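Notes follow the structure.
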Amino acid sequence: MSILLSVIMPVCCQEKNIQEAINRVGGLPLEKEIVVVNDCSGEDIESALRGVSLPGLKVIHHVSNRGKASAVRSGLENASGEFVIIREPESYDEPSVYLKLLEAIRGNGTDLVLGVRGRKPFSIKNRLLEAVFNAAFGAKINDWFSPYLVMRRESLISLAPCLKKDNISFEILTKVLRKKMRLLEVSIL
């Protein structure tokens, strides 16, 4: 059976959260792999990672701290799923949201699906920034700062050499819009 989803987790000094994050994603009922990239975190994270054993878990170690974008690129080089999600270990999101995003991207030719959260918690500053970004990119994105995105692996590979920043979800979204790739927004509420 081929792997449907690769979940890339760039890790730097998150030993308190990593085991729970891996186990939460590991509980998803689908063919998946979890690619953890330890960006030179030290012995505590290595010890925490040794305490996790799941089928489909891959751990890559950087010998020097190269940053989140580099960790994502390393994870992508080791990912084999048709679709990719980048997940922060300290994220409190429910991995079950990924099922909704996968359902939206499968079979429709979209390059990226962005999970849109509710509008209530956003500040005036965020709404103003979204209006500026939408004007700059000629877009109508409802949640520019959403960490919920799933992308076709081959589409993300085409962007990987350009990824340089730590705010990886935002950077991916801007590059998708610049390259006029296919994007779909889906409510995750």
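Structure data summary
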item: Qualifying residue in segment 21-42 (condition: on the phi < 0 side of the Ramachandran plot and at pLDDT below 85); result: yes
item: Enumerated strands (runs of 3 or more DSSP E) restricted to segment 71-189, each holding at least 3 residues that are β-branched (V, I, T) and surrounded by 17 or more Cβ atoms within 10 Å (Cβ to Cβ); result: 83-86
item: Selection from segment 21-44 of residues that are part of a helix (DSSP H, G or I) and within 20 Å of the chain's Cα centre (by Cα); result: A21, I22, N23, R24, V25, G26
item: Pick from segment 49-89, criterion charged (D, E, K, R) and within 17 Å of E33 (Cα to Cα), ranking: modelled with the lowest pLDDT; result: E88
item: Residues located in segment 1-20, provided they are assigned to a helix (DSSP H, G or I) and surrounded by 19 or more Cβ atoms within 10 Å (Cβ to Cβ); result: I18
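Table: residues versus (1) over 22 Å from L102 (Cα atoms); (2) aromatic (F, W, Y).
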site	(1), (2)
S123	yes, no
V132	yes, no
Y148	no, yes
L156	no, no
P161	yes, no
K165	yes, no
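The values are calculated or read from the model by the stated rules, or taken from the named source; none is laboratory data. The structure displayed is predicted, hence computed values, not measured ones. Note: ideal-geometry Cβ built from the backbone for every residue, glycine included; neighbour counts use all protein chains shown.
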